[in-house]
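To start, the structure itself, in structure tokens.
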Amino acid sequence: MQGYLDGGKVDLARFILCFGAFWIFAQVNRWRWFAPIGLMAALVGAGYGIWIGLAVSWMFAGVLGALFAWDLSEFKHRLTTSAPDGTAAVIQRHLIRLGLISGLGLVYSLLRMFYWWTIYTDGLAYLSMLSAVGVSLVWGWARRENQ
């Protein structure tokens, strides 16, 4: 949303804010079907923002936040449906993995701020967002097949 505000797209920023509020409402009401829609909407919004020339770092941060929200929603559902022994250890490992991914995103953002890379960084950022979503989908499908 901040990237759209900085770019002067106030109406789109308001829409994103309302969409996020509805996503929270959907999570509170346990509408599991809305989390993938929110993730895809964040990807489309980031792709559009990069396409119209908005700050890649804000688009990257938005997609990363949406990916975390989607992942935690799916993780909560998997945890409540399977209820494995040692739930605390499973939660700890999952949060460590999320921390690692967010740390890598922070390192990328810091490097982008200090070293103004000019070699296809916009396309690289969008491809990295798409690859993160792709890897998480493949990981989810593989886990379902193993169960």
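We did not get these values from a lab; they are worked out from the coordinates using the rules stated. These numbers come from a predicted model, not from an experiment. Please note: Cβ atoms are built from the backbone with ideal geometry, for glycine as well, and neighbour counts cover all protein chains shown.
Data for the structure
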| quantity | calculated |
| --- | --- |
| Qualifying chymotrypsin sites (Phe, Trp or Tyr not before Pro) in the range 7-53, DSSP loop, other Cβ atoms within 10 Å at most 12 | Trp33 |
| Leu111/Leu72 FRET efficiency (R0 22 Å; Cβ-Cβ; nearest 0.05) | 0.25 |
| Highest average packing first - 97-108, 3-14, Cβ atoms within 10 Å | 3-14, 97-108 |
| Contour excess over end-to-end distance, with Cα ends at Asp6 and Ser82 and 0.36 nm allotted per residue | 23.0 nm |
| Cβ-defined net charge surrounding Gly38, 14 Å radius [Lys, Arg +1; Asp, Glu -1] | -1 |
| Vicinal HN-Hα couplings computed from phi for the range 26-41 (Karplus, 6.51 cos²θ - 1.76 cosθ + 1.60; Hz; Gly/Pro x) | 5, 5, 5, 8, 6, 8, 5, 5, 7, 4, x, 5, x, 5, 5, 5 |
| Net length gained if the chain between Ile96 and Ser136 were fully extended (0.36 nm per residue, minus Cα distance) | 12.8 nm |
| Gain on full stretching of the segment that runs from Leu104 to Trp33 - 0.36 nm per residue minus C-alpha separation | 22.7 nm |
